[in-house]
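Asker: Before we start, here is the structure in question, set down as C-alpha cells.
The values are calculated or read from the model by the stated rules, or taken from the named source; none is laboratory data. The shown structure was predicted, so the numbers you read here are calculated from the model rather than taken from an experiment. All Cβ positions, even for glycine, are placed from backbone atoms using ideal geometry, and neighbour counts span all protein chains on display. Surface areas here come from the heavy atoms of the whole protein model, side chains and all, with no ligands, DNA or RNA. Shrake-Rupley method; radii C 1.70, N 1.55, O 1.52, S 1.80 Å.
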Amino acid sequence: MNEELTPEIISEFYRTKFPLDKFMAFIGLSDFKNREFGFVVGENRFIRNISFENTKELREFMATKSVKHAYVGAVYEQSPSRYSPIQKIKWKFREFIYDIDINDFDLVRTCGCQGYSYCTDCWSLVQDTVLFIDETMRQDFGFTDIIWLFSGRRGVHGWIKDKITNNFDQAQRVAILNYLTMVHDQKRTQTIEEIPNEAKPLRDRIYSIIAKSYLLNSSEESLVEIGIAKKKAKDIIQRVKTSSEFDAQTYNLIIPSNQTVRNKLSHEIILKRYPRIDRKVTMDTRRVSRMPYSIHGNTGQLAVVIKDIKSFYPDSAPNVWDALK
Amino acid sequence: MTEIRNNNMSIELPDWYVLKEPGEITVDVKNWIEYADTRIDRFIKGDPWIINRPTWISDEDWEIVKVQEIGGHFLLRLSASTNQRISGWLVEVEGDLFEFRFMSSINFDEKINVLKDLYGEENVKTIQELNDFYQINLYRQFNLSDVPGRRVRKYSDATRRDLYKRIAIRFNKIPSVISAKKALLYKGWAVVRISEIRLTVKREFEKQISEVIKKSAVFVDEDSNLADTIKPVTQKITELAKSKRMGGSLSDFGFAGSKEVYTQVDCYPPCILDLVTILRDKGHLAHIENWQLGTFLKEVGMPIDDQLKFWYQTSVDNVGLTFDEFINRIGYQIRHIYGQTGGGIDYRSPKCKTCIDGYYCYFAHKKLEDISEDIKIRFKDKKEEMIDSSIDDISKIIVNNRFQSACARYFKLHTGWTIRSGRINHMVQYSTQAYKRFHTSKDKEKQSGEKNE
Ligand code: SF4
Ligand SMILES: [Zn+2]
C-alpha cells in the first residue's frame, strides 16, 4: 500500500474522481431510486437498506461519510430504507454475478501462497477461471453482455448484464451454477463430478482451457505418477508447449487411450485447476456486491473493469492515490 | 346441453392432450357425465389407455372418441375445481396418464407440439430449426448420435428410438436438466434427449393443469345449472380420493404419532410452521390447508378441545366470533377431522408426496429465495458456514425436484440427525424424530451426563 487511506482521501476521490456516469451506465438508469446500496462507514460499521433519490445524493453520501467500502444490491418495487427494509419489500431484479477469489483455491495452490498473497503461478487459476466462465456464458448460454471487474484485492467479479438474467429466480441461477460446478464441497472433501457425457461443449472446454494449463504446469514425473510412460510424458509436455492451438481434439490425440489413465488424469486436471466459484454470491439475489469503480477500503485499489484478464494482475490495478495525482 | 367453446389452435396437438382447447364440441349432459365416469373408472383401474387414431375408424366415430376424451376430462376438471382436496387427486392421475402417453407416443411431431404448447412456441425448436437458424450442423459439430447409451426395456423399439432423439428447449425453462448437466447447451438452447426431460415435462404439465383447474371454479360459480350437473361427479371423486389416494396411513412408515409431540412447536416440520404463520398473519387459510394443519395437529397428539382453542385463538378472534359461535361454524371442519361429524371417519394427515401434489409442501411450493431467507433467520445461532452449506445443498436438491430429500437435509440442519432413507415421507415422521432428538428422556440423560464430566 502506498500511504495511509485517510477519510480525507476517500472523500476527495468520491467528490472529484469517482466516475459516476460510468457507474450509472454500468447499472443502468432505470429504477435507480429502488436500488439497494450498502456501505462500510466509520469504525467498520456495515449499513444496508439504503437508497437514493438521484445520483447526486449518492455521491454526496459517499463523500461526506468517506465510505470505506461501497456495495450495490438488487432493485426492489419500492425504495429500500430503514423503515422498509429489503426483507419487507418486493424484490424486482438483480444482475447475475460471479465472485472469484484466489483463496478459494487455497487447498490446491502448490506455489506456497495462501490467503491474500499471490504469485503469477496461482493467479493463473483465476485467469483461467474467468476465461472458462466467460466462454461458457457466451457459447453455452448465449449471453453477450458480460463484464469482469477487479474486486479491489485478490479476486474478480463477473457481471452478466443480459436483460434476461435480471429476472432469473434462485432456481434458475442455481441451475446455471450447478451446470458449471465440477468440484463439490470445495473447501473440504473436494468431491469431483464425473465429466458429463451430454454437456459436450463443457467437456471440450475442460480439455482445452483447463487441461492445457494443467499440462503446461506439469512435470514429466507427475505424469509418470499418473501412469503415463516416461517417453510419452516427455512427448506430451513437448506437444503442449509447441502447439499453437490446443483444443479437445489435440488433447484426445496426445493422451494415451488407456481408460484408467485418462480417468485419473482428468480427475487431477479438474481437482487442481477447474474453476471454483463462491456459490453464495451467485445464488443469493438479495446480496450486495462491490460497487464498480469504488475504492476497496483495505487496499486503496479501485474496482475497475478488466479489459483483458490474461494480462491483468492485482498489483497492476490502479489505486486511489494514482487517481488523485 | 352444454357447449364447450372454441379457440383456434395455432399448432396441431394430439387428441389425447387435455390442455388442448377443445374446439367446438356439443354434448348432452347425460353423455357428458358418462364420459367423466368412464374416465374415473379408468383412473381407478390404472388403465393407461392410449388414443391413437386407428386407420379403420370413420371421421364421425373419431370425433366421438375425442369428445369423450376432452369432454370427459373437462367435466372432471370442473368437478374438482370446487374442492381443493380432490383437485390434488385429479392433478396426480392426469399427470401420470399424460406422462405415459407422452412417452409412449410413437409420433415425434406429436411430442414436439405438446412441448411447444407447454413451454411456449418460441422456447422449443427442432434440431433442424436450430441448425438452420445458426447455420450449423449440431450433430456433426458435436459428434452426436441418437443411439441410446443404455438399454431400456419398458418401451417398444419405435418408441425407444424416439426417446433418444433430441430437441431444443430454452435452458431457463428446464433448470433441473441444466443442473444435472443432462443437456448440450448451445447459445442458450438446451439440446436434450426426450428421455431426459420426461420428469420435468410432467411437472410442467401438472403445474399448468392445476392452474387450469383453479380457474375453472369461475365457470361453476357463475352457472348454477353447471353446479348441479357436477355434483354427483364431485361426490364420486371425493369418495374415491378418501378411500384410495389421500391420507396415507402412518403404519406405512413404521411409526405412530407420539402423544406429546404437539406441545413442542420447534419440532413441527417447516410446512406446518409456515401454515401456522400464515394463519396468524392472515387470520385464515385455504380450505385445503386447514385440512393439512388440522390432521397434522391431531396426529401429533393434540386433543380436539385444544385444537378448537388453537384455531379460535390463532385464526378468528379478530373477526369477533365468540368461542361458541366459532364452534358452530368453523369448528365443524375440525370436528370432522376427528370423526365427530360427517361419516365418522378418523382422518389421517397426508403423506409428503400428497402434500407436494396438492397440499402445501414448504420445499415444493415456496420460492427458493424465501426459503434461504427463512433458514438464515431461523437458524441464526448456528455457524454461518453450516447455514451457507445447508442452503446450498438444499437449493441443489430442490432444483432437481427432490423435495422430500430437501426436507431431510433441512432436518439435518435443524437437529443434526441424518434421516437414514434420505427423505422425509410424512410430516409426522419429521416431528416425532425431532421430538426424539430434543425431548426424550434418554437424550436429557446424555446431556446431564456431559455436564458431570
Ligand atoms: S417434505 Fe413433507 S414434511 Fe417436509 S415440508 Fe414437504 S410436506 Fe412438509
Ligand atoms: Zn502463488
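Asker: So what is the orientation-averaged projected area of region A:182-276, using the convex hull of its C-alpha atoms, in nm²?
Answerer: Computed as one quarter of the Cα hull surface, the answer is 6.1 nm².
Asker: With the full set of protein chains in place, find how many percent of the accessible area of region A:182-276 is carbon and sulfur; take the probe as 1.4 Å. Working shown, then result.
Answerer: Details: 2350 of 4970 Å².
Ligands and nucleic acids excluded, carbon and sulfur give 47 percent.
Asker: If the chain between A:LYS307 and A:ASP106 were fully stretched, how many nm would it gain, using 0.36 nm times the residue separation less the Cα-Cα distance?
Answerer: Details: separation 201, 0.36 × 201 = 72.36 nm, distance 2.59 nm.
Extending this stretch completely gives an extra 69.8 nm.
Asker: Can I ask one more? Compare B:SER145, B:SER104 by solvent-accessible area with a 1.4 Å probe and give them largest first, with all protein chains kept in place.
Answerer: So the residues, ranked largest to smallest area, are B:SER145, B:SER104.
Asker: For A:LYS234, list the aspartates and glutamates whose Cα falls under 17 Å from its own Cα; do not include residues on the same chain fewer than 8 positions away.
Answerer: Partners within reach: A:GLU220, A:GLU221, A:GLU225.
Asker: Can you give me the long-range amide H partners of B:ALA190? Hydrogens built in the peptide plane at 1.01 Å from N, cutoff under 5 Å, separation of 5 or more residues or another chain.
Answerer: Hits under the 5 Å cutoff: B:ILE169, B:ARG170, B:PHE171.
Asker: If you take the Cα Rg of the protein assembly as shown and divide it by 2.2 N^0.38 Å, with N the number of residues, what do you get?
Answerer: Working: Rg = 30.2 Å, N = 778, 2.2 N^0.38 = 27.6 Å.
For the protein assembly as shown, the normalised Cα radius of gyration is 1.10.
Asker: So which of A:LYS212/B:LYS383; A:LYS17/A:LYS187; B:LYS215/B:LYS376; B:LYS111/B:LYS173; A:LYS280/B:LYS187; B:LYS282/B:LYS366 end up more than 28 Å apart, counting from Cα to Cα?
Answerer: Numbers: A:LYS212/B:LYS383 39 Å; A:LYS17/A:LYS187 39 Å; B:LYS215/B:LYS376 36 Å; B:LYS111/B:LYS173 16 Å; A:LYS280/B:LYS187 25 Å; B:LYS282/B:LYS366 17 Å.
Pairs exceeding 28 Å: A:LYS212/B:LYS383; A:LYS17/A:LYS187; B:LYS215/B:LYS376.
Asker: Now a separate question. For region A:1-158, what is the relative contact order in percent, using Cα pairs closer than 8 Å and at least 6 residues apart in sequence? All intermediate terms of the calculation are to be shown ahead of the outcome.
Answerer: On the way: 203 pairs, mean separation 28.3, N = 158.
Taking the mean separation of contacting Cα pairs over the length of region A:1-158, I get 18 percent.
Asker: Determine the dipole magnitude for region B:75-114: charges of +1 sit on the beta-carbon of Lys and Arg, -1 on that of Asp and Glu, nothing else is charged, the reference point is the Cα centre, and the result goes in debye to the nearest 20. Kindly include the intermediate steps, with their values, before the conclusion.
Answerer: Values: 4 positive and 6 negative charges, 35 e Å.
The dipole magnitude comes to about 160 debye.
Asker: Next question. From a point 7 Å beyond the Cα of A:GLU135 in the direction of its Cβ, which residues of region A:192-213 have a backbone N at a distance under 14 Å?
Answerer: It comes to A:200-213, nothing else.
Asker: Now a separate question. Using R₀ = 22 Å, calculate the FRET efficiency as 1/(1 + (r/R₀)^6) where r is the Cβ-Cβ separation of A:LYS56 and A:ASP31; round to 0.05.
Answerer: Numbers: r = 17 Å, r/R0 = 0.78.
The computed FRET efficiency comes out at 0.80.
Asker: Follow-up. Let's test the formula: R0 of 30 Å, r as the Cβ-Cβ distance of B:ASP305 and B:ASP370. What FRET efficiency results, to the nearest 0.05? Provide the component values of the computation, followed by the final result.
Answerer: Numbers: r = 34 Å, r/R0 = 1.14.
My answer for the efficiency is 0.30.
Asker: With a point put 7 Å past each Cα toward its Cβ, work out how far A:MET24 is from A:ASP315 in nm, to one decimal.
Answerer: 3.9 nm
Asker: B:GLU122 versus B:GLU63, label points 7 Å from Cα toward the beta carbon: distance in nm?
Answerer: Modelled inter-label distance: 3.7 nm.
Asker: Using alpha carbons only, how many angstrom separate the centre of region B:57-80 from the centre of region A:206-249?
Answerer: Here the two parts' Cα centres lie 65 Å apart.
Asker: Nearest 100 Å² is fine: what is the total accessible surface buried where chains B and A meet, probe 1.4 Å? Intermediate results must be reported in sequence, preceding the final value.
Answerer: Values: alone 23680 and 15890 Å², together 36740 Å².
Interface between B and A: roughly 2800 Å².
Asker: How far apart, in nm, are the 7 Å Cα→Cβ label points at B:VAL218 and B:GLN313?
Answerer: Rounded to a tenth, the inter-label distance reads 4.1 nm.
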